[in-house]
1. Of all the residues that make up the range 223-239, how many are touching a residue at least 24 places away in the same chain (Cβ under 8 Å) and within 19 Å of Val13 (Cβ to Cβ)?
2. Given the condition farther than 24 Å from Phe293 by Cβ, part of a strand (DSSP E or B) and touching a residue at least 60 places away in the same chain (Cβ under 8 Å), answer yes or no: does some residue in the range 123-142 qualify?
3. Tell me, yes or no, whether the range 174-182 has at least one residue that is of a type outside the set (D, E, K, R) and closer than 30 Å to Asn9 by Cβ.
4. Within the range 103-128, count every residue that is closer than 12 Å to Tyr165 by Cα and basic (Lys, Arg).
5. Within the range 167-185, identify whether any single residue is small (Gly, Ala, Ser), closer than 30 Å to Lys125 by Cβ and touching a residue at least 60 places away in the same chain (Cβ under 8 Å), and answer yes or no.
6. In the list Ser189, Ser230, which residue meets the criterion of being over 30 Å from Glu268 (Cα atoms) and modelled with pLDDT of 85 or more?
7. Quick one: Cys181 ticks every box in (1) over 27 Å from Ile199 (Cα atoms); (2) out of contact with any Ser or Thr (no Cβ under 7 Å at 6 or more places or on another chain); (3) part of a helix (DSSP H, G or I) except a single one, so which number is it?
8. Across the range 102-122, what is the number of residues that are in contact with a Leu (Cβ under 8 Å, 6 or more places away or on another chain) and part of a strand (DSSP E or B)?
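The values are calculated or read from the model by the stated rules, or taken from the named source; none is laboratory data. Just so it is clear, the model here is predicted, and its values are computed rather than measured. Note: ideal-geometry Cβ built from the backbone for every residue, glycine included; neighbour counts use all protein chains shown.
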Amino acid sequence: MNDIQNLLNQVAVISKKNDEILDASGGRFNMFRVCGVNHYENTHSAIIAEFLRPDGSHGLKETLLDCFVKMFCNDVLKQVFDCKNARVVTERSVGVDGRIDILIEDRNGHAIIIENKIYAGDQEKQLIRYGDFAEREYGKGNSQIFYLNLWGHKASEQSGQGVAYDCLSYQKDIIRWMEKCAGIAVNISTVRETVNQYINHLKSLTNQDMDTVNREEIIKLLCKPENIESAFVVGTNFADFKNHLINNVLIGQFTSVCSELGLEGEREQWEGVNAGFIVTMPSRKDFAIEFGFDCVNLINSIIGINYYPQENEGKNNGTFEKLKQHFPSVEGNQAWKSFPTYTSLSKDAMIAISNGEMAKIFKEEIERILNLTKDWI
């Protein structure tokens, strides 16, 4: 046990040194973070689309788009896509098939479709609908669909089953492309530094904000013969450590919050959610307050409401219609907001659970919802 503690202490020293370097060099300063460019897909889509535009304000013409095509597109599009005369649009409406986050078309009938997911879940048959649109609009084999998200995971089965699409991740692919863009823009300082700041922002979102030198120092430390056994013990128990924080500490805190507020709360098992918690009020059976942490396709913590019209019992069902206006995301009988500061796999989230900050936010959000409904119930 002393060996493990000693190893953790040495890693903590390196981590502290990395933080000091970031503070001294201004590495924490990032206008994307300051402006809250975290979880809004539309904002990230606008940024990426601007870099892809041949007529973009970066002044680099089609070079950044050409770089993207060469890095990620299939062999057919690499050969035929006309980057110089391409048109890039965001939020392109395709009628009943929905809205495409980023659509890139050339003048010869070829297209690149990018569905961008930061924290939102898939809409019903979303990629299936885009696939139908692409084949109808451009013909078979003349387009390519990309499913872009933080970690490069696949779309849900109901969204993408039977559709040919390729996954892209912010964690690796977009950062790698942006690094190429920074090289292309090496002589245009404003563009280069903007690209670098966006790279730093994406690294922060995907838990990669330790510099290469310090990361390599930790790897060398772990590789020392006297540390290998301890490194394996820590690595083997990491998943259990995370599950303990979620299933024991976090759920226990949520239960205490509900008791303090005089509400009923209990753990819920939902598909694709590591920790779900539902809060009900004796005075109202037709809606509940719900919290989800570590959600598939929603890689962060979310809190919202769920309306159960079958439980209305003649009460005013306008409650949900009023409540959903106070949440940025609405789908069917659900409305929610996310907390992008605490992505489920980040150290900040684990610390927030350990020190009670997550439970504090949970309590504040419940109180906010209760305050919104106090005159309706």
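1. Our first condition is that a residue be touching a residue at least 24 places away in the same chain (Cβ under 8 Å); within the range 223-239, this holds for 226-227, 229-231, 233-234.
Add one more test, that the residue is within 19 Å of Val13 (Cβ to Cβ), and what stays is 226-227, 230-231, 234.
Number of matching residues: 5.
2. So far as the range 123-142 goes, no, none of its residues is farther than 24 Å from Phe293 by Cβ, part of a strand (DSSP E or B) and touching a residue at least 60 places away in the same chain (Cβ under 8 Å).
3. Going through the range 174-182, the residues of a type outside the set (D, E, K, R) turn out to be 174-175, 177-178, 181-182.
With the extra rule that they be closer than 30 Å to Asn9 by Cβ, the set shrinks to none.
Checked the range 174-182: no residue is of a type outside the set (D, E, K, R) and closer than 30 Å to Asn9 by Cβ.
4. Number satisfying all stated conditions: 0.
5. Here is the first cut: in the range 167-185, the ones small (Gly, Ala, Ser) are 169, 182-183, 185.
Filter once more, keeping what is closer than 30 Å to Lys125 by Cβ: 169.
Add one more test, that the residue is touching a residue at least 60 places away in the same chain (Cβ under 8 Å), and what stays is none.
The answer is no; no qualifying residue exists.
6. Working: Ser230 fails: modelled with pLDDT of 85 or more.
Sole residue among the options that is over 30 Å from Glu268 (Cα atoms) and modelled with pLDDT of 85 or more: Ser189.
7. Going through (1) over 27 Å from Ile199 (Cα atoms); (2) out of contact with any Ser or Thr (no Cβ under 7 Å at 6 or more places or on another chain); (3) part of a helix (DSSP H, G or I) one by one, Cys181 breaks only (1).
8. Taking the range 102-122 and keeping what is in contact with a Leu (Cβ under 8 Å, 6 or more places away or on another chain), we get 102, 104, 110-121.
Subset that is part of a strand (DSSP E or B): 102, 104, 111-117.
Number of matching residues: 9.
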